[in-house]
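Worksheet: the structure to be examined is printed underneath.
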Amino acid sequence: MVKLTKRIGGLVLRIAAFGAALAALIVMVTSRERASFFAISFEAKYTDMAAFKYFVIANAVVSVYSFIVLFLPKESLLWKFVVVLDLVMTMLLTSSLSAALAVAQVGKKGNANAGWLPICGQVPKFCDQITGALIAGFVALVLYVFLLLYSLHSVLDPFLLQKS
Amino acid sequence: MAKLALAATSGKGCKILLGLRVLAFLATLSAAIVMGLNKETKTFVVGNVGNTPIKATFTAKFQHTPAFVFFVVANVMVSFHNLLMIALQIFGGKKDLTGFRLLSVAILDMLNVTLISAAANAAAFMAEVGKNGNKHARWDKICDRFATYCDHGAGALIAAFAGVVLMLIISAVTISRLVQPNKCCSTAATPSVVP
């Protein structure tokens, strides 16, 4: 009974992480706004910044990976490999979120010392959607940290409790 | 995975882990120091009043960019963690409390690997914007005017990425030691079974 609740807990965590990563991916990909600045009309898309492209790719990889692991049977020996891959995915998530946050912060506040003007004043809806995608990415990261600890606990038996 | 566990449990594995930790400590510390001391002042001619040029002095410091501040702080934290782990391995002796030490080292290593990768990546993308500019947002590049600042920043970034790779290897070794607790680096907490 305890084992069943633990297994269901793990599955729920992974489904939630998959949902969060997918949401972050979709919200950022659909963010697009056209604005006109004096006589020039320009369009703000997520592909303008390299950091946002990396964020989309990283979240896509994490979503696909979570979806595949959802169907891994319980008795498979690959679960030990899943622990290592969970760590790699957490690294991917945190690095992509951190890079996107760094660039988005410059977009919102600008950088007076480098002479970079903030762009959020001209494309507010684009900025809001990027913020939403970053929040979803952060939720996915937190869920993945919990998933990592859960995999470590359930697969590797770190407290050496099992007796032969 | 079994071969990795075997390599991590041998006596030589302990020395290799120690060597890796020393390298990671040096890499992250040098990245923090190089970026922390990164500063360049330059005088530019911004205009002309009649015949006399007007000069203005501009400074490029790492504190101007929050991503670089995070970079320095995170590198200092990770190098401190590595120093702590080295001291633990050399002076910690054989004290162990029912496997808690192995688990805490593994978890701390995992947290630090995510921290250093986040810091290195954020600084890398900010440096890319500084080097190439962004014509969609009309941000000018700054590397053509502050070349030394950019070079030092690039050096610090390379050291940090080397630290990321090293920390990943160290974390993999520490996790694999959870699978097969060895007898050299920590006391045998009577591992009754190898899972």
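Please treat every number below as a calculation from the coordinates, not as lab data. Given the structure is predicted, the values throughout are model-derived calculations rather than measurements. FYI the Cβ positions are ideal-geometry reconstructions off the backbone, even for glycines, and counts take in every protein chain you see.
Give, rounded to the nearest 20 debye, the magnitude of the charge dipole that chain A has about its Cα centre when Lys and Arg contribute +1 at Cβ and Asp and Glu contribute -1 at Cβ. It would help to have the intermediate numbers written out before the result.
Values: 14 positive and 7 negative charges, 62 e Å.
The calculation lands at about 300 debye.
If you rank A:Thr5, B:Thr174 by fewest surrounding Cβ atoms within 10 Å, what's the result? All intermediate terms of the calculation are to be shown ahead of the outcome.
Details: A:Thr5 9, B:Thr174 23.
Placing the least packed residue first, the sequence is A:Thr5, B:Thr174.
Quick check on chain A: helices-only [θ] at 222 nm, where DSSP H runs of length 4 and up contribute -39,500 (n - 2.57) each and the sum goes over total residues. Nearest 500, please. Show your work: numbers first, answer last.
Details: 4 runs with 113 residues, N = 164.
Computed mean residue ellipticity for chain A: -24500 deg cm²/dmol.
What is the protein assembly as shown by shape, rounded, prolate or oblate, if you read a ≥ b ≥ c off the alpha carbon gyration tensor as root eigenvalues and call it rounded for a/c under 1.5, prolate for a/b larger than b/c, and oblate otherwise? Show your work: numbers first, answer last.
Numbers: a/c = 3.64, a/b = 1.58, b/c = 2.30.
Note, shape of the protein assembly as shown comes out oblate.
May I ask you to derive the relative contact order of chain A, considering only C-alpha pairs under 8 Å and at least 6 residues apart, and to give it as an integer percent? Don't jump to the answer; show the numbers that get you there.
Details: 172 pairs, mean separation 56.8, N = 164.
For chain A, the relative contact order is 35 percent.
What ranking do A:Thr47, B:Thr114 get, fewest neighbouring Cβ atoms within 10 angstrom at the top? Intermediate values should be presented prior to the final figure.
Values: A:Thr47 12, B:Thr114 23.
Arranged by neighbour count, lowest to highest, A:Thr47, B:Thr114 become A:Thr47, B:Thr114.
Can you tell which of A:Ala17, A:Val106, A:Gly132 lies farthest toward the positive end of the dipole of chain A, using +1 and -1 charges on the Cβ of basic and acidic side chains (Lys, Arg; Asp, Glu)?
Positive-end residue among those listed: A:Ala17.
Inside 10 Å of the C-beta atoms of B:102-114, what's the mean count of C-beta atoms belonging to other chains? Each step should come with its number before you reach the end.
Values: counts 3, 6, 1, 0, 3, 4, 0, 1, 9, 3, 0, 5, 12.
Average per residue, whole number: 4.
Say we join alpha carbon atoms closer than 10 Å with springs in a Gaussian network model of chain A; which of A:Met89, A:Met28, A:Met49 then has the biggest fluctuation?
In the Gaussian network model the winner is A:Met49.
Which listed residue (B:Phe100, B:Val34, B:Val78) has the Cα farthest towards the positive end of the charge dipole for region B:25-179, taking +1 on Lys and Arg C-beta and -1 on Asp and Glu C-beta about the Cα centre?
Value: B:Val34.
Give me a single rounded figure for A:105-114: the average over its residues of other chain Cβ atoms within 10 Å of their Cβ. Walk me through the numbers before you get to the answer.
Details: counts 5, 9, 3, 0, 1, 2, 8, 1, 8, 12.
Average neighbour count from other chains, rounded to a whole number: 5.
Between B:Val22 and A:Lys53, with labels modelled 7 Å along Cα→Cβ, what's the label distance in nm to one decimal, could you check?
Between B:Val22 and A:Lys53, the label points sit 4.2 nm apart.
So how strong a dipole does the protein assembly as shown carry about its Cα centre when Lys and Arg Cβ are +1 and Asp and Glu Cβ are -1, to the nearest 20 debye?
Working: 32 positive and 14 negative charges, 107 e Å.
I would put it at about 520 debye.
Enter the per residue convex hull volume of region A:1-158, computed from alpha-carbon coordinates, in Å³ rounded to the nearest integer. Present the calculation step by step, with values, prior to reporting the outcome.
Numbers: hull volume 17.4 nm³, N = 158.
Dividing the Cα hull volume of region A:1-158 by its residue count gives 110 Å³.
Mind sorting B:His64, B:His81 by how few other Cβ atoms lie within 10 Å of their own Cβ, fewest first? Mind showing how you got there, number by number?
Details: B:His64 14, B:His81 21.
If I rank by nearby Cβ atoms, fewest first, I get B:His64, B:His81.
Just to be sure I understand: with springs between alpha-carbon atoms less than 10 Å apart, which residue in A:Leu11, A:Leu92, A:Leu117 has the highest mean-square fluctuation in the Gaussian network model of chain A?
A:Leu117
Rounded to the nearest Å, what's the spacing between the alpha carbon centres of region A:78-120 and region B:13-81? Just the number, please.
Region A:78-120 and region B:13-81 have Cα centres spaced 19 Å from each other.
What order, most packed first, do the peptides A:79-86, B:15-22, B:72-79 have when packing is the mean number of other Cβ atoms within 10 Å of each residue? Show your work: numbers first, answer last.
On the way: A:79-86: 17.6, B:15-22: 15.9, B:72-79: 21.6.
Ranked from most to least packed, the peptides come out as B:72-79, A:79-86, B:15-22.
Among A:Ser96, A:Ser151, A:Ser41, whose mean-square fluctuation peaks in a Gaussian network model of chain A (Cα, cutoff 10 Å)?
Comparing A:Ser96, A:Ser151, A:Ser41 in a Gaussian network model of chain A, the most mobile one is A:Ser41.
Is there a simple number for the mean count of other chain Cβ atoms within 10 Å of the Cβ of residues in A:144-152, and what is it? Intermediate values should be presented prior to the final figure.
Working: counts 1, 3, 0, 0, 4, 2, 0, 0, 6.
Neighbouring Cβ atoms belonging to other protein chains average 2 per residue here.
Restricting to lysine pairs 8 or more places apart or on different chains, what number in region B:25-179 have Cα atoms under 19 Å apart?
Value for region B:25-179: 10.
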